[in-house]
Amino acid sequence: MKRRERIHKFPVKITDRLKKFNVFKILSIILIVVFILSIPTIIQKLVKVQKITCVSQYGDCPVFLTFLNYEGKDYKAVKSQINTILEQNILINSFLIQYKIPGTLQIEVNLKKPKFAIKNLQGSTFLVDTDGLIVEMTKESDLPTLQKNESSEYKVGDTVTDKDKFSLSLFEGVNYLYSIKLGIQEKNELKVTNSEGIIIRFPLEGDKDVLLGSLRLIFSRLNDSSEGIRMEDVNEIDLRFKNPVIR
């Protein structure tokens with residue numbers, strides 16, 4: 001009986017040793033993996049940013065994007081801070097941050113592109129993107145321009161009013177169809193003049209597609225060779241009423 005007990009206890013000791021060995025092996029593997037994964041973070045903290053460059057699709061970044069205060073700091077902290085700044089800037093569509101050996105942080109930003117300009121009564125010109133966001137203030141612009149004959153003031157980062165947004169949306173359609181570069185907004189109407197000198201008046205509310213469709217239909221009939229009013233007989237098309245008025 002004693003002999004059997006000894007035989008029974010022997011394999012238990014071996015199993016305990018194997019378990020201890022497996023635990024040690026697993027812990028060693030975990031520590032190695034953690035160390036390997038932490039290497040990039042350690043390196044980023046040790047690396048110092050000596051120079052920061054910033055470019056956009058138009059050349060150098062605008063003056064509001066300056067990062068000189070971050071030069072000389074560790075790469076990880078600088079990248080995190082600049083990443084936050086760029087993410088929160090509403091004038092930036094997208095960006096890319098790259099580290100270039102030996103110590104340059106290169107930033108590439110894609111700025112929101114202006115599509116139209118709004119010129120107010122004071123003579124200020126505001127560049128507006130497709131979402132109605134004011135992305136820049138300038139003196140002059142070659143973009144299709146909505147001239148407002150009333151006092152209004154915007155600043156970079158503002159979104160235009162609903163009335164101005166409707167005017168711009170309507171003006172976009174007119175510009176696309178007839179290459180009209182200037183629209184005048186006054187009181188409750190948008191007024192444009194086509195290449196034939198015909199004044200076209202739009203309301204500042206309603207269905208944009210219906211208004212543009214009505215204008216296209218009127219021009220189609222005016223260009224028709226059948227009897228009736230011809231294009232050369234028309235000075236003004238007024239779409240502010242339920243039934244268009246042709247004068």
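What follows is calculated from the coordinates using simple rules that are stated; it is not laboratory data. On a predicted model such as this, the values are computed, not experimentally measured, just so you know. For neighbour counting, all protein chains shown are included, and Cβ atoms are generated from backbone atoms with ideal geometry for every residue, glycine included.
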In Hz, Karplus ³J(HN,Hα) per residue of segment 50-66 (6.51, -1.76, 1.60; θ = phi - 60°; x = Gly, Pro): 8, 8, 10, 10, 9, 10, 10, 5, 9, x, 5, 5, x, 5, 6, 10, 10
DSSP bridge orientation in segment 116-246 - percent antiparallel, rounded to nearest 5: 65 percent
Förster radius 30 Å - calculated FRET efficiency between ASP131 and TYR99, Cβ distance, rounded to 0.05: 0.40
Inter-centroid distance (Cα atoms) of segment 173-205 relative to segment 216-247, Å: 15 Å
Cα→Cβ-extended label distance, 7 Å offset, between PHE241 and LYS165, nm: 3.1 nm
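Let me know the shape class of segment 174-232, please: from the alpha-carbon gyration tensor, a ≥ b ≥ c as square roots of the eigenvalues, rounded when a/c is under 1.5, otherwise prolate if a/b is greater than b/c, or oblate. Could you put the intermediate results ahead of the total?
Details: a/c = 2.03, a/b = 1.60, b/c = 1.27.
Verdict is prolate for segment 174-232.
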Filter on LYS187/LYS208; LYS51/LYS155; LYS112/LYS139 - keep pairs with C-alpha separation over 25 Å: LYS51/LYS155
Computed lengthening from TYR176 to GLU189, 0.36 nm per intervening residue step minus Cα-Cα distance: 2.7 nm
Cβ-Cβ FRET estimate between ARG221 and SER141, R0 fixed at 41 Å, reported to 0.05: 0.70
Full-extension gain in nm, THR66 to GLN106, via 0.36 nm per residue minus C-alpha separation: 13.2 nm
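With the contact rule set at Cα under 8 Å and sequence spacing of 6 or more, what percent relative contact order holds for segment 116-246? Intermediate values should be presented prior to the final figure.
Values: 212 pairs, mean separation 22.2, N = 131.
Relative contact order for segment 116-246 comes out at 17 percent.
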Positive dipole terminus of segment 116-246, leading residue within GLY132, ILE118, ILE200 (C-beta point charges): ILE200
In Hz, Karplus ³J(HN,Hα) per residue of segment 164-174 (6.51, -1.76, 1.60; θ = phi - 60°; x = Gly, Pro): 5, 5, 5, 4, 5, 5, 5, 5, 4, x, 5
